[in-house]
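Please read the structure below before turning to the comments.
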Amino acid sequence: MSELEFDPAANADLLDHREDHAPGDEPVESAGHYVFNSNLGLGFSIVLTVAAFVLANSQLIYGPSIPIALLVLAIAQMGVHLVFFLHVTTGPDNTNNVLALAFGLLVVFLIVVGSIWIMNHLHANMMPMPMEQLRQMQP
Amino acid sequence: MSDIPLPAAAETVRRVREDPHRLGHRDPHAHETVEGAGHGKTGPARKRIIVGYGFWIFLLSDIVMFSCFFAAFAVQREATAGGPGISELVDMRRVGWETGALLLSSYTCGLSFAATNVRSKLWTQIFLLATGLLGLIFVGLELLEFVDLASRGIVPQRSGFLSAFFGLVGLHGLHVTLAGMWLLTMMAQVQLKGFRPEIVHRLICFNLFWHALDIVWIGIFTIVYLMGATS
């Protein structure tokens with residue numbers, strides 16, 4: 001073990017906020033802070049989840065817009081999880097974490113949107129296949 | 001301010017209180033160094049930071065892998081080859097229970113880390129156990145779902161769509177199962193080795209992993225199940 005080993009409880013009175021923090025980690029706080037954060041996260045998550053499940057089966061909003069609404073709710077809930085459970089913030093001690101997250105999101109976006117885009121165009125340019133031929137292809 | 005300098009510790013506390021992130025005091029040419037901050041003055045960052053950050057990078061790569069499965073699912077969604085479509089697969093009540101179990105387990109996992117921070121072995125174990133049981137409920141419900149689907153002839157080899165569906169949902173289930181084994185290992189290590197620094201580091205990583213699994217599940221229940229039920 002190196003002597004740089006860090007135990008926040010041992011250094012509680014000397015802690016300086018200038019160092020970086022890993023995601024899920026925070027400058028030393030009381031347990032009450034963590035519990036409060038978790039409660040908030042759970043509360044927001046329950047509201048967003050229930051809203052998504054209710055919306056999916058209801059006629060409350062214009063039908064074709066439901067998938068968009070569900071996507072928005074999902075992204076909001078992912079944000080809630082990032083902030084309240086993973087403790088990713090916009091503070092200077094979190095710059096590295098946020099930059100890595102941004103790069104990850106960029107790759108995810110390229111993969112998902114690129115795949116859908118390309119495959120839809122391929123699909124549109126495919127020759128329609130007769131039904132008998134499809135049946136023959138089945139196992 | 002008086003001329004008598006404060007003790008270093010009191011000085012630090014005063015500074016942190018006034019400006020936690022030193023937004024108004026950051027001077028790039030400042031000579032003051034922070035032990036273990038990893039800013040190039042006192043050697044590498046503390047291990048706690050390096051371990052957590054490295055695991056964060058792994059998690060992001062894991063999420064990129066999931067995004068490939070999501071992309072495959074989105075592309076194959078209509079490729080049912082005359083077989084069952086997505087709306088015939090969805091049992092909303094079961095998905096609701098699965099979501100509830102996983103969300104609550106994320107919550108108890110966060111509480112276990114709060115207990116770890118105050119070095120309470122008992123509460124850490126209790127909350128880890130609750131997390132594990134909720135995860136078990138989730139995996140059990142998912143297994144029931146797969147058995148139920150298989151009994152209706154809905155299996156991965158039926159169509160491209162079903163391959164993508166079982167691949168995506170099954171991969172997530174596999175992750176939760178492996179995380180459950182990790183959780184049991186962590187409970188044993190906390191019990192036998194106590195809160196040694198490296199054990200706490202592993203608990204941080206486990207927390208990150210479990211929360212990330214919940215984030216992936218948000219994507220699955222929205223894009224696969226809820227959107228499938230409305231289509």
Seminar exercise, completed: Mean projected area, convex hull of alpha-carbon positions in segment B:47-230, reported to one decimal in nm², is 10.3
Seminar exercise, completed: Taking B:Cys109, B:Cys205 and counting other beta carbon atoms within 10 angstrom, the fewest-first order is B:Cys205, B:Cys109
Exercise. Along the charge dipole of segment B:47-230, Cβ charges K/R +1 and D/E -1, which of B:Gly153, B:Trp123, B:Leu226 sits furthest on the positive end?
Worked result: B:Trp123
Seminar exercise, completed: Counted neighbours (other Cβ, 10 Å), sorted fewest up, put B:Glu88, B:Glu145 in the order B:Glu88, B:Glu145
Exercise. What are the chymotrypsin sites (Phe, Trp or Tyr not before Pro) within segment A:26-93 that DSSP puts in a loop, where the Cβ has at most 13 other Cβ atoms within 10 Å?
Worked result: A:Tyr62
Seminar exercise, completed: When A:His121, A:His33, A:His87 are ranked with the fewest other C-beta atoms within 10 Å first, the list becomes A:His121, A:His33, A:His87
For this session: Output ³J(HN,Hα) for segment B:194-202: one whole-Hz value per residue in order, computed from phi by the Karplus curve 6.51 cos²θ - 1.76 cosθ + 1.60 with θ = phi - 60°, and x for Gly and Pro.
Result: x, 8, 5, x, 5, 5, 4, 4, 5
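Throughout, read-outs are computed from the coordinates displayed, never taken from laboratory work. Just so it is clear, the structure is predicted and the values come from calculations on it, not from any experiment. Every residue, glycine among them, receives a Cβ derived from its backbone with ideal geometry; neighbour counts consider all protein chains shown.
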